[in-house]
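Comments concern the structure below.
The values are calculated or read from the model by the stated rules, or taken from the named source; none is laboratory data. All of these numbers come straight from a predicted model, not from anything done at the bench. All Cβ positions, glycine included, derive from the backbone under ideal geometry; neighbour counts span all protein chains shown. SASA here: full protein model, heavy atoms, side chains in, ligands and nucleic acids out. Shrake-Rupley method; radii C 1.70, N 1.55, O 1.52, S 1.80 Å.
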Amino acid sequence: MKSCVLFFGAKALEGPMVQNVLSPLGMEVRTPERARYGQPIGLLAGDGPLPPVKKGGAVTLAAPVLVFCGVPEATVDRALDALRGAGLCTGALKAVLTPANQYWSAAMLSRELVKEHRKFEQRARKR
């Protein structure tokens, strides 16, 4: 698998702007069409042909989601710094493709990331 970033929920010009920031780091940004949000993110990150989209497959996400696929941790950190510096994806949920989440849909991943963020916020408030 080639290093890439899946960008779910990108607005019209956001995808190309994020690509401009991340391409110097050797990353391709893919913005799957909304109808593919129900397909496994590992499948969307792969290099092979995609299966046909099922009718009614469009899904709405709580927030945009960036998924780093096949990207080394140090490069993910550099990418996040570059995006912050450019003022991009500030409200996006971020994840790394793992063996555990590769079969999840964008919607499932989004829900899990929202739960995780709520837990972190609750812990931070308790301190």
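Run Arg111 past the list (1) farther than 21 Å from Met17 by Cα; (2) open to solvent by 70 Å² or more (accessible area, probe 1.4 Å); (3) part of a loop (DSSP other than H, G, I, E, B) and report the number of the one that doesn't hold.
Failed condition: (3).
I'm told Phe120 meets every condition in (1) within 19 Å of Thr31 (Cα to Cα); (2) part of a helix (DSSP H, G or I) except one. Can you identify the failing condition by its number?
(1)
Before we move on, is Thr90 of a type in the set (S, T, N, Q), surrounded by 14 or more Cβ atoms within 10 Å (Cβ to Cβ) and over 12 Å from the mean Cα position of the chain (by Cα)?
No; evaluated as a whole, the condition is false for this residue.
In the range 27-38, is there at least one residue being among the acidic types (Asp, Glu), open to solvent by 20 Å² or more (accessible area, probe 1.4 Å), touching a residue at least 24 places away in the same chain (Cβ under 8 Å) and outside any helix (DSSP H, G or I)?
Yes, the range 27-38 has at least one match.
Collect the residues in the range 53-77 that are surrounded by fewer than 15 Cβ atoms within 10 Å (Cβ to Cβ), over 17 Å from Thr31 (Cα atoms) and not hydrophobic (A, V, I, L, M, F, W, C), keeping them in residue-number order.
Lys54, Lys55, Gly56, Pro72, Glu73, Asp77
With respect to Leu6, is the statement that it is in contact (Cβ under 8 Å) with a residue 60 or more places away in the chain, in a helix (DSSP H, G or I), open to solvent by less than 20 Å² (accessible area, probe 1.4 Å) and under 20 Å from Asp81 (Cβ atoms) true?
Against the criterion (in contact (Cβ under 8 Å) with a residue 60 or more places away in the chain, in a helix (DSSP H, G or I), open to solvent by less than 20 Å² (accessible area, probe 1.4 Å) and under 20 Å from Asp81 (Cβ atoms)), Leu6 does not qualify.
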